[in-house]
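Engineer: Have a look at the structure that comes next, please.
Each reported figure results from applying straightforward, stated rules to the coordinates on display, with no laboratory input. Since the model is a prediction, treat every value here as computed from it, not as a measurement. No Cβ is skipped: glycine too gets one built from the backbone with ideal geometry, and neighbour counts run over all protein chains shown.
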Amino acid sequence: MRLDLYARPQRSTLREILAPIGAMIVAILIGGIVVALMGRSPLEAFDVYFIEPLSQSYSLQAIAVKATPLILIGVGLAFCYRANYWNIGAEGQFIAGGALGGWLGLLTHDGALQGALGSWWILPAMMILGALGGLLYAMIPALLRVWLNVSEILTSLMLVYVAQLGLDWLVRGPWKDPSGHNLPVSVVFDPVAQLPVLFEDGSLHLGVLLAPIAAVIAAVVFAKTLFGYQVRLVGSAPKAARFGGFNDRAIAVAAFAISGGLAGLAGVVEVSGKIQQLLPSISPGYGFSAIIVAFLGRLSPIGIFIAGLVLALTFVGGEDAQIAMHLPGDLTLAFQGVLLICVLAADVLARYSLRLTMGAKS
Amino acid sequence: MEQTDSALAGEPASPLLAVRGITKRFGSFTANDCVTLGLTQGEVHALLGENGAGKSTLVKMLYGLLAPTEGEILWQGAPITLPNPNAARALGIGMVFQHFSLFDNLTVAENIALVMPQTVKLNDVPGRIDQISRAYGMGLEPNRPVWSLSAGERQRIEIARCLLQDPKVLILDEPTSVLTPQEAEKLFETLDRLKAEGRALLYISHHLEEVKRLCDRATILRLGKVVGTCDPRAETARSLAALMVGTQIAEVRAAGAHALGKERLVVSNLDAPSPSLHGVSLKHVSLAVKGGEVFGVAGVAGNGQSELFANLSGESLAPRADAILIDGASVGGLGISERRARNAGFVPEERNGHAAAPDFTLSENIVLTGHGSNGLTQMGFINGAAARAQSQKVIAAFDVRKSGADPLARTLSGGNLQKFVVGREILREPALLVINQPTWGVDALAAATIRQALLDLCARGVAVLIISQDLDELFEISDRIAVIHTGELSQALPARSVTREEIGLLMAGMPGAASRPSESAHAP
């Protein structure tokens, strides 16, 4: 007895839209079972995770703030994944961008470098440095891949740990606040190096606007430009791409550059807009969660925008659940993992039908 | 022979495998409509029909890949169901597919071992392949990885894979499309032997001459229905084709008298080491094609055709820039886009995945080779409307049959997609067209359309270079024919005076035939 997969003769748009929604429902059911096994009420957990965050202004703002890095990174990853290059290291590129952009925040601390020019240039420069940091960090796996054919999956993943330890060392060492009671934190950025909030007393900062802008631009690039066409073509039919006269190596490098650049931008937005200083760790795993976001959004920028909001909801709901129900924070990561598996399984089921074959020998 | 009478009367006395009143519907589309057919021991039965006539659907049901909507399959008179190919194989039904189902990264032996019963040890497989390969003269090396093999060699793996299972019924889908005449003749001897051993063969082919040579009976399908059963030996190729298509096929018009122009493609002493270990290196290849001329390159699959095509198209760069000239300019060091900008067009052998991206729409596939011209792109943006308009032009000019306004390339049948990728290049009005296997696996009507288009193109002063394994095709439309063998290209011989035997000997690498003193590569 075994399970066989049969390709469905026709693709159905309805099925492809329903697949991620079905995956969400199944993942929520599995999460409910886990919560029940932990001796808590699944209904209460559902309420705390998914309903309450949507009913409060402050938690809605928190969702938008958390969704911003997820969407920025996810949109970038779509370029890599569409081109069939597997950048798993967005977390490292996020940290590299946050560190390089944040460095300018440290340099301009206490009015330094703000003399003749004023301070208007600091935020734009931080954003550019952040994107550059992520981009350059992504070039390491990209160039190793196109020059030496080294697996970008391994190098990009391993470079995450390098970035994490590098930032940890900087914040505990050269970048430590001298008057910080020996705590491993940097100085707090001057207000001119912080992304301003959009409303008084809110947490919604200017950087939040970057997420929809990036998603819309990426959607146009994929649908309308020759570059987006090349990215899709290289991933879908590499031999046809070479026949078309397109350079698959250049496309690989460009996809990594966009992916790393957007991850780095997300990093500096997080550092400047939310944390406002450098800490040994600046990410609760956005770079990895964004992989789930990218797939949940079917690698389409608009889908990723929606998926980023959904995942942010689980982050915010998870924090609430820690406080209200004393559920462990790891439950959120576990749930996100379950969700990714469900999405991938749903993708397969959207294209193939499953049949049980009894007693067949092969 | 002795069955001919009953065959002509309808169903033979005791068919080994039969279908009765079989209908297969996909949604509202009826692929097979009440088809009845019987295969008797020791007969070779031809299944003829255009692409889309329902041949593949029918044999997929016989092989357990599809379940019939109505009707029944009978095995030695008893109704059976075939839930999967394993069930079909267990009964003794083997199938050689037109599209190879091989794993590129595995060796010949590993690929074959995959379908063997689990009781067979992997270590024993190479020996058994050697046996079969020698018995039927297939020349298979069991330990070669499949990625390094040509289309022809891959087809032979499929045949060997079936023969190893000692089938009672063997279904062959276009088995000779990549063989030389001599090799095909060898295959026919094999098939004759299998027939004499009492096996039943269901033979799908577009090569009508070959059906006449080989088959005892023919069932002709058109639009999913049986339109006739006949003794192919009593028919002419032309009458068989007319039954298949339902109309008389116009004979391809000869190019007529036209003046040859200047040399548009010149290759001189091109040496190109193979990029892969098992590939073929090109050795001092020289040729010249004039405007208004069709230059044919014959050869057995895997003798350097794909390498020659890659070097001509610019997908591989030539070691010397002046090894390849297009309209007098050195292009050996230029990529495919720059060569297209010099008004050259290219059609590779593989439709799905090389000439076209299967998961892209037809209009997106127009952009694949047209992005440098025709206003299809502006400032890095694709002009979708222009691409769709150009796509419609190709579809209309070459009668490409499809469903939906702008469907994915993968949804087209082989013949229709081939017409599309050939038409795409022809409507770009190239000065030079290089085309590899223009009609491989394409039905008779589509093949005639494509050949006629190539002749019309050359009548407009275009230089056309065709790489083909189909000698009928080369003799039909070429002005001169050269033969590629182990990466070396013979002198070009005028198609009007050279014989098939001479070409066949060159294809087999026999020297002597090449020393024909007459016309050299530089004539006329």
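Engineer: Toward the positive end of the charge dipole of the stretch A:265-362, about the Cα centre and with charges on Cβ (Lys, Arg +1; Asp, Glu -1), which of A:A312, A:P280, A:A324 goes farthest?
Structural biologist: The residue sitting most towards the positive pole is A:A312.
Engineer: Also, I was wondering about something else. Under a point-charge model restricted to the Cβ atoms of Lys and Arg (+1) and Asp and Glu (-1), what is the dipole moment magnitude of the stretch B:274-418 relative to its Cα centre, in debye to the nearest 20?
Structural biologist: 180 debye
Engineer: Between exposed GluC sites (Glu not before Pro) in chain B, where DSSP calls loop and at most 12 other Cβ atoms lie within 10 Å, what's the longest gap?
Structural biologist: The answer is B:252-524.
Engineer: Then there's this: From the phi of every residue in the stretch A:258-263, what ³J(HN,Hα) in whole Hz does the Karplus formula 6.51 cos²θ - 1.76 cosθ + 1.60 yield, where θ is phi - 60° and glycine or proline is x?
Structural biologist: Working through the residues one at a time gives 5, 4, x, x, 5, 5 Hz.
Engineer: Using the charge dipole of the protein assembly as shown (Lys, Arg: +1 at Cβ; Asp, Glu: -1 at Cβ; taken about the Cα centre), state which of B:N105, B:S403, A:P184 has its Cα farthest towards the positive end.
Structural biologist: Farthest towards the positive pole: B:S403.
Engineer: Further, regarding this structure: Could you give the distance between the Cα centres of the stretch B:368-388 and the stretch A:248-307, to the whole Å?
Structural biologist: For the stretch B:368-388 versus the stretch A:248-307, the Cα centre distance is 31 Å.
Engineer: Next question. What fraction of the Cα pairs in chain B, stated in percent, has a spacing above 32 angstrom?
Structural biologist: 45 percent
Engineer: Work from the charge dipole of the protein assembly as shown (Cβ charges, +1 for Lys and Arg, -1 for Asp and Glu, about the Cα centre) and give the residue of A:F335, B:A431, A:I17 farthest towards its positive end.
Structural biologist: Result: B:A431.
Engineer: In nanometres, what is the gap between the two model label sites at A:L107 and B:S14, each 7 Å from Cα along Cα-to-Cβ?
Structural biologist: For the pair A:L107/B:S14, the computed spacing is 9.4 nm.
Engineer: Could you check the simple spin-label distance between A:I341 and A:A324, using points 7 Å along Cα→Cβ, in nm with one decimal?
Structural biologist: The modelled label-to-label distance comes out at 2.7 nm.
Engineer: Further, regarding this structure: If the only charges are +1 at each Lys and Arg Cβ and -1 at each Asp and Glu Cβ, what is the size of the charge dipole of the protein assembly as shown around the Cα centre, to the nearest 20 debye?
Structural biologist: My answer is approximately 700 debye.
Engineer: Could you tell me the convex hull volume per residue, in Å³, taken over the Cα atoms of the stretch B:431-484?
Structural biologist: In the stretch B:431-484, the Cα hull volume divided by residue count equals 75 Å³.
Engineer: Are there chymotrypsin sites (Phe, Trp or Tyr not before Pro) in the stretch A:101-183 that DSSP marks as loop and that have at most 12 other Cβ atoms within 10 Å, and which are they?
Structural biologist: Within the stretch A:101-183, the qualifying chymotrypsin sites (Phe, Trp or Tyr not before Pro) (loop, at most 12 other Cβ atoms within 10 Å) are A:W120.
Engineer: Now, a different point. Rounded to the nearest 500, what is the 222 nm mean residue ellipticity of chain B from helices alone, with -39500 (n - 2.57) per DSSP H run of 4+ residues and division by all residues?
Structural biologist: Computed ellipticity for chain B at 222 nm equals -9000 deg cm²/dmol.
Engineer: For chain B, what is the charge dipole size about the Cα centre, in debye to the nearest 20, if Lys and Arg each add +1 at the Cβ and Asp and Glu each add -1 at the Cβ?
Structural biologist: 780 debye
Engineer: Label point 7 Å out from B:R25 along Cα-to-Cβ: which residues of the stretch B:58-82 have amide N under 13 Å?
Structural biologist: It comes to B:69-71, nothing else.
Engineer: So how do A:V220, B:V367 line up by other beta-carbon neighbours within 10 Å, fewest first?
Structural biologist: The fewest-first ordering by Cβ neighbours comes to A:V220, B:V367.
Engineer: Next question, about the same structure. Any of A:K239/B:K402; B:K55/B:K168; B:K60/B:K225; B:K60/B:K212; B:K290/B:K393; B:K283/B:K419 with alpha carbons more than 26 Å apart? Name them for me.
Structural biologist: In this structure, B:K290/B:K393; B:K283/B:K419 exceed 26 Å between Cα atoms.
Engineer: Please give the FRET efficiency for A:S353 paired with B:N123, using the beta carbon to beta carbon distance and R0 = 25 Å, rounded to the nearest 0.05.
Structural biologist: E between A:S353 and B:N123, to the nearest 0.05, is 0.10.
Engineer: Right, something else. Over the protein assembly as shown, consider all pairs of different Cα atoms and compute the Kirkwood hydrodynamic radius from their mean reciprocal separation; express it in Å, one decimal.
Structural biologist: 31.1 Å is the Kirkwood radius here.
Engineer: Here is a further query. So how far apart, in nm, are the two label points at B:R134 and A:Y58 if each is 7 Å from Cα heading toward Cβ?
Structural biologist: Spacing of the two 7 Å Cα→Cβ label points: 8.6 nm.
Engineer: Which whole-number percent is the relative contact order of chain B (Cα, under 8 Å, 6+ apart)?
Structural biologist: Once normalised by length, the contact order is 15 percent.
Engineer: Kirkwood-based Rg over Rh for the stretch A:148-250 (C-alpha set), two decimals?
Structural biologist: 1.16
Engineer: Give the calculated FRET efficiency between B:N86 and A:V34 to the nearest 0.05, with a Förster radius of 41 Å applied to their Cβ-Cβ distance.
Structural biologist: So, using R0 = 41 Å, E works out to roughly 0.55.
Engineer: I've got another one for you. Roughly what angle does helix A:330-351 make with the longest principal axis of chain A, taking Cα atoms, 0 to 90 degrees, to the nearest 10?
Structural biologist: Roughly 40 degrees, rounded to the nearest 10.
Engineer: Please list, or write none, the aspartates and glutamates whose alpha carbon is within less than 12 Å of the alpha carbon of B:K195, excluding same-chain residues fewer than 8 places away.
Structural biologist: Answer for B:K195, where 12 Å is the Cα cut-off: B:E43, B:D216, listed by chain and number.
Engineer: Moving on to the next point. Taking the Cβ of A:P280 as the center, what net charge do the other residues with Cβ under 9 Å away carry, scoring Lys and Arg +1 and Asp and Glu -1?
Structural biologist: So the surrounding residues net to 0.
Engineer: Mind checking which of A:K176, A:K274, A:K224 has the largest fluctuation in a GNM of chain A, springs on alpha carbons under 10 Å?
Structural biologist: Of the options given, A:K224 has the highest mean-square fluctuation.
Engineer: Please rank B:R424, B:R144, B:R199, fewest neighbouring Cβ atoms within 10 Å first, as an exposure proxy.
Structural biologist: B:R144, B:R199, B:R424
Engineer: Further, regarding this structure: Please give the FRET efficiency for B:K186 paired with B:D322, using the beta carbon to beta carbon distance and R0 = 60 Å, rounded to the nearest 0.05.
Structural biologist: Step by step, r from the Cβ atoms, then E = 0.90.
Engineer: Sticking with this one: Quick one: Kirkwood hydrodynamic radius for the stretch A:1-118, alpha-carbon pairs, angstrom, one decimal?
Structural biologist: For the stretch A:1-118, the Kirkwood estimate is 19.7 Å.
Engineer: With viscosity set to 1.306 mPa s and temperature to 10 °C, compute the Stokes-Einstein D of the stretch B:354-428, Rh being the Kirkwood radius across alpha carbon pairs; µm²/s, no decimals.
Structural biologist: It diffuses with D of about 132 µm²/s by this estimate.
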